[in-house]
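Only one structure is covered here, and it is reproduced in the block below.
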Amino acid sequence: GPDDSYFVWKKNGEKMKACITEQSHMLFDGRVHVLSWVKDAVSENTEYKCSFISKVGNVTSEVLITVEDKDSAGQDGWTKEFDTWRSAISEHDKMMQNWRKTW
């Protein structure tokens, strides 16, 4: 990303200031790899928007988290999917740390 780039996170239309993690890593060709994510807990349906903003342009990603009843039949499937995502994020973080050491 360009050196003037930054992230804006919104939760249900309100700008977030907490729970946000950002990482940036210089690549060998002078470009920068940037990543941002939110760790948050919700008890009701929640919409998140992440905007990446720079002088070159802007892009926004959106996701709607739908909260189901704890007694819902799909709970076991969700728990397995959540564990898979948590594992993938952990692996990505380890990879980024290794890149940081290498560069």
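May I ask you to list the residues in region 6-22 that are under 16 Å from the mean Cα position of the chain (by Cα) and either small (G, A, S) or assigned by the TED database to the domain that holds I89 (or both)?
Within region 6-22, just A18 meets the criteria.
Go through region 26-45 and report how many residues are of a type outside the set (A, V, I, L, M) and within 16 Å of the chain's Cα centre (by Cα).
5
Restricting to region 1-50, and then to whatever is open to solvent by 60 Å² or more (accessible area, probe 1.4 Å), among the polar types (S, T, N, Q) and more than 23 Å from A88 (Cα to Cα), can you tell me which residue is modelled with the highest pLDDT?
So the residue we want is N12.
Looking at region 18-38 only, could you name the residues that are of a type in the set (S, T, Y) and within 17 Å of K49 (Cα to Cα)?
T21, S36
I'd like the full set of residues that are over 25 Å from W99 (Cα atoms) and either in contact (Cβ under 8 Å) with a residue 12 or more places away in the chain or aliphatic (A, V, I, L, M) (or both), limited to region 42-58.
Scanning region 42-58 gives V42, S43, E44, N45, T46, E47, Y48, K49, K55, V56.
Of the residues S72, S87, which is under 27 Å from V8 (Cα atoms) and either at pLDDT 80 or above or of a type in the set (S, T, Y) (or both)?
S87
List, please: which pairs have Cβ atoms under 6 Å, are six or more places apart or on different chains, and start with a residue in region 23-41 that is assigned by the TED database to the domain that holds V56 and end with one that is assigned to a loop (DSSP other than H, G, I, E, B) and surrounded by 14 or more Cβ atoms within 10 Å (Cβ to Cβ)?
V32/G1; V34/G1
The values are calculated or read from the model by the stated rules, or taken from the named source; none is laboratory data. Here the structure is a predicted model, which means the values were calculated and not measured. Quick reminder, even Gly has a Cβ in these numbers, built from the backbone with ideal geometry, and neighbours come from all protein chains shown. Surface accessibility is based on the protein's heavy atoms, side chains included, excluding ligands, DNA and RNA. Shrake-Rupley method; radii C 1.70, N 1.55, O 1.52, S 1.80 Å.
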